[in-house]
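K.L.:
Below you'll find the structure I mean.
Derivation of every value follows stated rules applied to the coordinates shown; laboratory data play no part. Being a predicted model, the structure only gives us computed values, none of them experimental. Counting neighbours? That spans all protein chains shown, and the Cβs are built from the backbone with ideal geometry, glycine included.
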Amino acid sequence: MKNASKPSKRLDLQGIRGLAILVVIAFHFYPEYCPNGYLGVDQFFVLSGFLMCMLLKRAENQSSCQLATIFYSRRFKRILPLYLLIILISMISLFLFFPDTAIETNQGSAIQALLFASNRPKTDDEDYFQALSMAVDVFTHTWSLSVEIQFYFLVPFIFLLATKISEKLQYSYYSIIVVINKDEIMDILDGSERRSFGRLDSVTENMTLDDAARLNIDWSAHDGKLLRVPTCEYETKSQMGWCKHKGLPGNGKYKIVIFGNSWAANHATMIYQECGEKAKVLLQGSAKGCEPLYPTKFSDSQDLTEKCKGNFTYFEERIRQEQPDYAFLLTRFFSIADPSNVSNIQDDPIYKIMKTQMLNFIKNIKYKLYILDALPRHHRKIFDIVPLLKNHTAPEKIDKLMIKPDNFEMARKRHAQLIKDCNLEIPEKCVLGPYLSVSFSILISLHASTYSIHVAANIRMLSPRRVRSHHWFPTMAARGACAALVMIFLLFVLISHTSNKSISSDSVVETRERMSNGLDEEGQGDAPVENNKNAGISDDTVSSLLERIKVLEDELSSMRTRMDDAENREGNNGIPDEMAVPLPTTKSFPSVRYRNEETRKRVLITGGAGFVGSHLVDKLMLDGHEIIALDNYFTGRKKNIEHWIGHPNFEMVHHDVVNPYFVEVDQIYHLASPASPPHYMYNPVKTIKTNTLGTINMLGLAKRVKATVLLASTSEVYGDPEVHPQPETYWGHVNTIGPRACYDEGKRVAESLMVAYNKQENVKIRIARIFNTFGPRMHMNDGRVVSNFIIQALQDKPITIYGNGTQTRSFQYVTDLVDGLIALMNSNYSLPVNIGNPEEHTIGEFATIIRDLVPGSTSEIVNQESQQDDPQQRRPDIRRAAEQIQWRPQVLMKDGLLKTIEYFRAEIDRNKRGGKPPPEPVRHGGLESRR
Ligand SMILES: O=C(O)[C@H]1O[C@H](OP(=O)(O)OP(=O)(O)OC[C@H]2O[C@@H](n3ccc(=O)[nH]c3=O)[C@H](O)[C@@H]2O)[C@H](O)[C@@H](O)[C@@H]1O
């Protein structure tokens, strides 16, 4: 029995806790909508503070020792078991599923978490939320608990001390405690930052230059230590020397060797991350200060010079012994930068030695030798570059000021000649990595210009998301272990739940004990057990569950596609093309144009699997761009773009634009929306949402990533026009409450949104008003006049004209439209532009044209009831398109129709072969509208 007058549970506090949990969860899942949700954690702190004070106040009559014992034992009993279990599970998962490069970071933070010190010093100094998004540290989340526990340690002592002094003095005592913390409080109030970076992976996207400068100093301090690569099994105890990388996925084919001076160790992790997947063996050999192509001569130390001679020979021996498939040679220039006084490089004594050594190397390397050219030496320190960058000094000027004017150029000249001679000997055997100027990126230039000599000793941390996806595909054994862990966890939850219940069944004793202790807690009682009233599952529940399963299945399949695509993308991005060549591919793709980084664009196409979207995908893919296609598959079909799935430049994402989507792109073609009247009338609310919320989401994205966004608007914005032909300056004649309003008004709002974002947020916009378009990949159930008439004519069924057939339309072929969209996107014109073919016909004429183009068709032409609000005339005025984007349609309507007829003929045959019933042209209202 419970004490009725004093419930063991403080419902008010539980309520506040519930709210705090909800906002924190909302923050993590929907940061857009709940950006300040992290304040829920603060709410927890306040609650904890309140509870601690309450508990201590109630127990103030106990002896100090009793009070401390009871306080700590209760607190820790409540928190520790679950906390320790979570740390254990995280560590096990870390070793099983995470890339080896993440282990080092997480090991350190696991110890901090165990010591309840996750908040110090790292979250003090780095952006916690940034760290979360980088997801390099699985213990990031334990920081708030650490803060809480630290208070548990501190507060009872502060309180006990207070009980030893008189009540009057207690006010001054507590005031002094606040004053001690004054600095911290003032810091928070005036927003000043006191940073001392304690970790190496503190690179965040929004770092200031000063942050980066300080971080570099920290890295410099650990420069030597950081050269020891955590994923490598060393042959000696030194941080240099030879080692073999562990943790490779096991399905790689190649033996890869990374060798050189300390720069080889410096960059090994990067190569491990990028090429590890392809490696059967990944070996690393580095010798401090010694170049593998020429034995470095140290003017001040004969010992070192001798050492480098030894290493020089050993490099050659080792490569001969290992016989690698690929080798990466990385050096910081020492002696090979020495000046030469001979005019012909072939007579240069240093070069001669380099060349002989190179020839020795290449005959023992099966495929390729990559020589990665080093960054130039700098002669100034980090604090010199910061003011320059702050003043936006041109990169070339920074280079001039920062780079040591020594013989660096000589080293590069020798390397370049070496590559030439190598390829003369064995064509395409050697590749020279690109030379990067000091200031090619702010981040790298900061790393390069630090006190230490190594570039971003922990360079792997620059790309935390570049971990290979294979690490996430556990082996069967790992999956088993994971399942066992989940079981243990569930068991634990079950046991603790049951034990809670047994405690509460004994609640009289418990309550009495608590009262006598003066430590009645807020939420230790059990929640009332709800009877399961719904023992049987209703049909509704079953069908909603089935629906949910369907959605999850779809999500899963799209995730799989995305992971495959991402894997392909990563694989090919990270590995030089030459290396990718020998790998067998499972699918062949149309050959795409090669573009370099500068001209290749990342393009997002919403509605990318749709009729127009898929043609746009084709055109841009063939032109060598990287495409991300989004589609919710309401009217789009995977079949339309399946020929690109798996291509490294292509990614298909199952996503509804009504929900926000985040991606880094240069251009956004926003095509997502049903366009055929029966489809957009089917779910008018959804059509409005797609065109309004979807457009807002895309504009928000464009604003964030500074992309240009093109809206696929429509001739329908002119409604049933009173001006003919329709120029862009015509405002239209639309019935706001008619059946077409969801689409027409949706697009009109979308246009207004575009203009508003352009004015207010400077988003670069393009608006294409698209007129009637047809072509292959129109859905058989599309319901628009072209598909309906062709399907009817091909099947000798009556061709159905809605109304008397005097209404007119102007039809353009889809490839013309795609050309127009691309021309508009790449122009700098932000007002609406009509894209359509001005060749105008009445629908009656059009029916005859189609029937005549289908040889032998015996279809009769019939008139049916007319459609409400059907525009009576439509023809684009395309003078603006011609002037502003130099676009005109190229395909004659008849030629386009012939191709489309062939497409539908093939589709009908395919359906027949698949045993599907013949397609029925869809009429407005043929798809029942949703109410
Ligand atoms: O094809 C397009 O690009 C355009 O199609 C539709 O506009 P609408 O002109 O009404 O398209 P259809 O449904 O193809 O109708 C064209 C005319 O043919 C008539 N029609 C349609 C289908 C049919 O079986 N019989 C028939 O007579 C319609 O009543 C209408 O007068 C969309 O509303 C536009 O957004 C889109 O841009």
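K.L.:
Mind computing the radius of gyration and Dmax over the alpha-carbon atoms of the range 748-881? Å is fine for both.
P.N.:
17.8, 58
K.L.:
Run the simple label-point estimate for S238 and K352 please: 7 Å along Cα→C-beta, distance reported in nm.
P.N.:
2.9
K.L.:
Which of R888, R910 has the fewest other C-beta atoms within 10 Å, and how do the rest follow up to the most?
P.N.:
Listing R888, R910 from fewest to most nearby Cβ atoms yields R910, R888.
K.L.:
List the residues whose amide H sits under 5 Å from the amide H of V257, counting only those 5 or more places along or on another chain, with H placed 1.01 Å from N in the peptide plane.
P.N.:
L283, Y326, A327, F328
K.L.:
How many angstrom lie between the C-alpha centres of the range 788-863 and the range 290-367?
P.N.:
Taking the Cα centre of each part, the range 788-863 and the range 290-367 sit 70 Å apart.
K.L.:
Also, quick follow-up: Multiply the residue separation of L11 and H141 by 0.36 nm, subtract the distance between their alpha-carbon atoms, and state the gained length in nm to one decimal.
P.N.:
Gain on stretching L11 to H141: 44.2 nm.
K.L.:
Now, a different point. Would you give the gap between the C-alpha center of the range 635-681 and the C-alpha center of the range 865-921, rounded to a whole Å?
P.N.:
Here the answer is 20 Å between Cα centres.
K.L.:
Given a Förster distance of 56 angstrom, what is the FRET efficiency for K309 paired with N911, based on the Cβ-Cβ distance and rounded to 0.05?
P.N.:
Working: r = 77 Å, r/R0 = 1.37.
That pair, K309 with N911, gives E of 0.15.
K.L.:
I would also like to ask the following. Cα-based Rg of the range 663-790 per 2.2 N^0.38 Å, rounded to two decimals?
P.N.:
Expressed relative to 2.2 N^0.38 Å, the Cα Rg reads 1.09.
K.L.:
Select from the range 625-686 those GluC sites (Glu not before Pro) which occupy a DSSP coil region and have at most 14 other Cβ atoms within 10 Å, ordered by residue number.
P.N.:
Those satisfying the criteria are E664.
K.L.:
Extending each Cα 7 Å along its Cβ direction at K164 and N735, get the distance between those two points in nm, one decimal.
P.N.:
It works out to 8.8 nm between the two label points.
K.L.:
Take S175 and S830, extend 7 Å from each Cα along the Cα→Cβ direction, and tell me the distance between the two endpoints in nm.
P.N.:
Each label point is offset 7 Å from its Cα along the Cβ direction, giving 5.8 nm.
K.L.:
Could you run the Karplus curve 6.51 cos²θ - 1.76 cosθ + 1.60 with θ = phi - 60° over the range 616-625 and give me ³J(HN,Hα) per residue in whole Hz, x for Gly and Pro?
P.N.:
Couplings: 5, 4, 4, 5, 6, 5, 4, 7, x, 8 Hz.
K.L.:
Now, a different point. Amide H neighbours of Y802 under 5 Å, at least 5 residues apart or on other chains, H built in the peptide plane: list them.
P.N.:
Here the answer is Q864, since their amide H atoms fall under 5 Å of that of Y802.
K.L.:
Okay, next question. Assuming R0 = 25 Å, what is the FRET efficiency of Q417 and K297, from their Cβ-Cβ distance, to the nearest 0.05?
P.N.:
On the way: r = 20 Å, r/R0 = 0.81.
The value I calculate is 0.80.
K.L.:
Pop the C-beta distance of Y72 and K246 into the FRET formula with R0 = 35 Å and round what comes out to the nearest 0.05.
P.N.:
Values: r = 42 Å, r/R0 = 1.21.
Approximately 0.25, to the nearest 0.05.
K.L.:
If you rank V854, V763, V155 by fewest surrounding Cβ atoms within 10 Å, what's the result?
P.N.:
By the 10 Å Cβ count, ascending, the order reads V155, V854, V763.
K.L.:
Could you line up T714, T599, T848 from fewest to most neighbouring Cβ atoms inside 10 Å? Numbers along the way, then the final one.
P.N.:
Values: T714 23, T599 11, T848 15.
By the 10 Å Cβ count, ascending: T599, T848, T714.
K.L.:
State the Cα centre-to-centre distance between the range 723-774 and the range 266-287 in whole Å.
P.N.:
Each part's Cα centre sits 54 Å from the other's.
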